[in-house]
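Remarks on the structure that follows.
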Amino acid sequence: MTMPIWRTKPITSNTPKQTELRRVLGPWQLIALGIGVTIGAGLFSITGVAAGQYAGPAVVISFVIAALACAFAGLCYAELAGMMPTAGSAYTYAYTAMGEIVAWIIGWDLILEYTVNASAVASSWSGYFTSLLQGWGIFIDPRLLAAPSTLVTMPDGHQTHAWFNLPSIFIIFAVTLLLMRGTRESSKINAVIVALKLLIIASVTIICIPHIGMANFHPLIPPNTGEFGHFGFSGVMRAAGMIFFAYIGFDIVSTAAQDSENPQKNIPVGILGSLAICAAIYAIFSFVIVGMVNYHHMAHDPNPVATVIDTLHLPWFSSIIKLGITIGYLSVIYGLLMGQSRVSLAMAQDGLLPDYFKRLNPRSKTPWISHIITAIVGSLLSACLPIDILGAMTSIGTLLAFIIVCAGVMILRFKAPNAQRRFRMPGGAFAIPLLGILSCGVVIASLDITTWIRLICWLVIGIIIYFCYGIHRSTLNTSSTSE
């Protein structure tokens, strides 16, 4: 007899079915969702810190390494999404392939990933928003613009510790209110924001390319300082781990299966399409950033794009770009908060989380209680923790989810070889999943020990909750008891 923690859901339970969520997202809306989430703080904020502290100009290589690891995982996501087009993403796939305990761990991990990532993006948005206001002659007390541990400079020149990041709280709750209006209405606004963001990236690239200084690329990989992760090849890998969360976005697409028209076809298209477009944009844009400003000057710069634009001495262009980036961040936070609510919804539908996570607003058909809880937790994190800690926590959560998904593909190729697969990953059952596990494993191993400790503590808390609540309330436990 199978132990309760290893019980699995049949694949047939994950086929498209009637849901109270409105199926309004087509392939282009899903690609826009993926691009909107993917292009954000990883490009507009983390690039400078990753280059200045770890990789130097080779941060471009770090983006390529992270993209390759994501490509392997993306192909695995696409196959599983074609088989199981329901909300829950990696959580649902693990439940079917590996059992309830693994599903709980990865679902709990996804809650960390999406919530913390939304907090990191909100923190980065705060910096661009403040820079934009300053260009308009509006100044906010510096103590309200950073995490409590951060030193800030007051108008009279003396330094003091910040109180909390107030703008980040505002933006998380503003996007939450947008989500609670309904999926159809909010997705249209998201599509407009994504189009604006792509226009901004194209404009900055075209105007900056003639001003790139090739001297900024020498040496391409600065020599290691003697400490692992600080320049040299280990620095390139450390930077890849830090910016890995920049590629979160294609997996968000898989959480929108219950909001999608024809999810078995459209979800794989959304995943692979958004990943391919974003990988190309990241490689080009990071090249422009490190080519415009010497990496030494960006080691502690949370707003490298603003710094690059300021070097052009075009005030009107700088204001337009900063305004566009500030607006563009909304689509990132939108997708992350949406993905978080859908994972919580799937776990609540399986009985592993309390019922109020699956309660829908009667008018908008959105999980409004889940949105409010996530907004409260996310705003507290963004207000109190610096962006480098938030970014590292997001990366390790993402990498763990990717490894589980890659393993799930191999397991299901043997457990269910004849199951319908609308998208079949090329190369057989082993090649791409093993490459995905290996590449993600190398990157996750390069992260610092403090980040690992935070993840382990979070998972321990989750395990305690599972054995005290989820294992007894699981719908699989209820159905087996009834039988």
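Each value in this text was obtained by applying a stated rule to the coordinates, not by laboratory testing. Values in this document were obtained by computation on a predicted structure and should not be read as measured data. Here the Cβ is made from the backbone with ideal geometry for all residues, glycine too, and neighbour counts use every protein chain on show.
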Margin query: Test of understanding: given the chain, find the longest segment containing no chymotrypsin sites (Phe, Trp or Tyr not before Pro) that are in a DSSP loop and have at most 16 other Cβ atoms within 10 Å.
Written below: 229-429
Next item on the list: Just add up the charged neighbours of ALA81: K/R +1, D/E -1, any other residue whose Cβ is under 11 Å from the Cβ of ALA81.
Entry: +1
Next item on the list: State to the nearest 20 debye the size of the charge dipole of the chain about its Cα centre, where the only charges are +1 on K and R beta carbons and -1 on D and E beta carbons.
Entry: 1360 debye
Check: Which net charge results for the neighbourhood of ARG238, defined as the other residues with beta-carbon distances under 14 angstrom from its beta-carbon, given Lys and Arg at +1 and Asp and Glu at -1?
Finding: -3
Check: Looking at this model, which pairs from LYS188/LYS322; LYS358/LYS415; LYS188/LYS265; LYS265/LYS415; LYS9/LYS265 are more than 25 angstrom apart at the alpha-carbon?
Finding: LYS358/LYS415
Note to self: Test of the criteria: in segment 154-219, which trypsin sites (Lys or Arg not before Pro) are in a DSSP loop and have at most 14 other Cβ atoms within 10 angstrom of their Cβ?
What the structure shows: ARG181
